[in-house]
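Accompanying notes for the structure given below.
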Amino acid sequence: MDPRGAILVIDGDGNILIERNGAPQYVPASTIKLLTALAAIHHWGLSHRFRTEFYVDAERNLIIKGYGDPFLVSEAWEEIAKSLSAKLRGFNHLILDNSYFAPGIVISGRGDSTNPYDAPPGALCANFNTVHADPDAEGRIADTEPQTPLSRAAGERCKTLGLKQGRYTFSHDERDITRYAGEVALYFMKREGIDMAGDISTGPVQAGDTLVYTHVSAFTLEAVIRGMMEFSNNFIANQLFLNLGADVYGPPATLEKGIRVIDRYLRDELGMTNVHIVEGSGLSRENCLSASEMDAILIQFEPYRHLLRKRAGVSFKTGRLEGIRTQVGYVETEAGVPCRFTVFQNKGRPEIDMIVRCIKTRCRRLPEDHPVRAEPAAIPSPSKSSPDR
């Protein structure tokens, strides 16, 4: 691989405007989210909505079965509690079924930091498996978002970690994150007058348990992908990746099943067999593909380019890991025809104003020693999601 990286710009008629190292493979970082999104759209369609099920057993226990909904935020749990209040006024124990995902999933490139981009996946989650903490002068932890309760266990964990104000991944233990989802659910159920007599535990739905409510997400897959792209949310990307594997090959979800789905999509829909993908967010340096292969992805993604961030007529996705900067997307010409660009660099920032000028002036080639320079690329704000990596 050329240490200068790769650049490929192709106009709407398929003419190459700029090409340098289009064939060697590079680490795409977060731009691989376009491939994850494409596979999800191909399998489910943009109108797909994730579900979460609620059962009652013979002992009046309430069982929540998660199916990896990436957008089970506090507002969703509040809606769930309101719906459940019309069906039950109380229950014994709260049992959390997270069996749709295999235990111990290890995602290449995901660390154990408190940064939101390292949030772990899970079948039953709340708020992207993160909390927004705001310690007071005495170190007591409160949540600064009024719609988001901070459970006692999560607050104590944040205090132990010595966290300052901000959004954090408070645990990488799947038992902790599953319990946190249950605590958030219980908080809103109590506000709706639903009482729990017992404790919170984990366990599977059993034959004979009665399904009393199915929550269908307010967010379509289109909205989920838009949020994933806007904030480069690694948690959402790998929730989609794992869900694809479980939906196609059966639960429990594993990385291996997700990889099989992506590999099949690449082979059957794009005719590519040499792309190497090990997870769906771009965290891993084991992911690799060429600029030409990314251009094939951009061709397929073109009808959905409205889901990307847009600035000054450029729809784009950035990516970054230590020592790696990537950027891909589309530049709208005056005629409204999108031209595709891919930039993979090993250092510096992938910039696009030179590319935009080239497209608008119909430049046909770039001298071999021409630097790729321009104004810095925008970095998404973290908000509730993980920052671009």
**Report entry** Positions within segment 95-106 being more than 17 Å from the chain's Cα centre (by Cα) and assigned to a loop (DSSP other than H, G, I, E, B), in sequence order
**Finding:** 98, 99, 100, 102, 103, 104
Query raised in the report: What about residue 271, is it crowded, with 23+ Cβ neighbours inside 10 Å and in the same structural domain as residue 314 (by TED's automatic domain parsing)?
Result: no
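Would you say residue 258 is closer than 21 Å to residue 228 by Cβ and part of a helix (DSSP H, G or I)? Talk me through it step by step, then tell me what you get.
Numbers: closer than 21 Å to residue 228 by Cβ: yes; part of a helix (DSSP H, G or I): yes.
Considered against the rule, which asks whether it is closer than 21 Å to residue 228 by Cβ and part of a helix (DSSP H, G or I), residue 258 comes out as yes.
At least 3 residues that are modelled with pLDDT of 95 or more in each: list the strands (runs of 3 or more DSSP E) lying fully within segment 4-68 that qualify. Walk me through it before giving the result.
Details: elements: 6-10, 16-20, 51-56, 62-66.
Result: 51-56, 62-66.
Out of curiosity, is residue 36 of a type in the set (S, T, N, Q), in contact with a Lys or Arg (Cβ under 7 Å, 6 or more places away or on another chain) and farther than 27 Å from residue 199 by Cα? Please lay out each step first, then the result.
Working: of a type in the set (S, T, N, Q): yes; in contact with a Lys or Arg (Cβ under 7 Å, 6 or more places away or on another chain): no; farther than 27 Å from residue 199 by Cα: yes.
Spelling it out, it is not the case that residue 36 is of a type in the set (S, T, N, Q), in contact with a Lys or Arg (Cβ under 7 Å, 6 or more places away or on another chain) and farther than 27 Å from residue 199 by Cα.
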Requested in this report: Specify the residue that is surrounded by the most Cβ atoms within 10 Å (Cβ to Cβ); the eligible residues are those in segment 306-331 that are within 17 Å of the chain's Cα centre (by Cα) and not hydroxyl-bearing (Ser, Thr, Tyr).
Outcome: 317
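Among the residues of segment 261-269, are any at pLDDT 95 or above, part of a loop (DSSP other than H, G, I, E, B) and not hydroxyl-bearing (Ser, Thr, Tyr)? Full working, then the answer.
Initial filter on segment 261-269 (at pLDDT 95 or above): 261-269.
Subset that is part of a loop (DSSP other than H, G, I, E, B): none.
No, every residue in segment 261-269 fails to be at pLDDT 95 or above, part of a loop (DSSP other than H, G, I, E, B) and not hydroxyl-bearing (Ser, Thr, Tyr).
Quick test for you: out of 289, 298, pick the one residue that is in contact (Cβ under 8 Å) with a residue 60 or more places away in the chain, assigned to a strand (DSSP E or B) and under 17 Å from residue 265 (Cβ atoms).
289
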Query - segment 107-140, residues that are at pLDDT 90 or above, assigned to a loop (DSSP other than H, G, I, E, B) and either under 24 Å from residue 64 (Cα atoms) or more than 16 Å from the chain's Cα centre (by Cα) (or both) - result: 119, 120, 121, 122, 123, 124, 125, 126
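Would you pick out the residues in segment 303-320 that are part of a strand (DSSP E or B) and among the basic types (Lys, Arg)?
Filtering segment 303-320 for residues part of a strand (DSSP E or B) gives 309-311, 314-320.
309, 310, 311, 317, 320, listed by residue number.
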Report summary line: Counting only residues in segment 226-264 that are hydrophobic (A, V, I, L, M, F, W, C) and surrounded by fewer than 20 Cβ atoms within 10 Å (Cβ to Cβ), the one nearest to residue 114 (Cα to Cα) is identified as 259
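The values are calculated or read from the model by the stated rules, or taken from the named source; none is laboratory data. Here the structure is a predicted model, which is why all the values come from computation and not from measurement. A quick note on method: Cβ atoms are made from the backbone with ideal geometry, for glycine too, and the neighbour counts reach across all protein chains shown.
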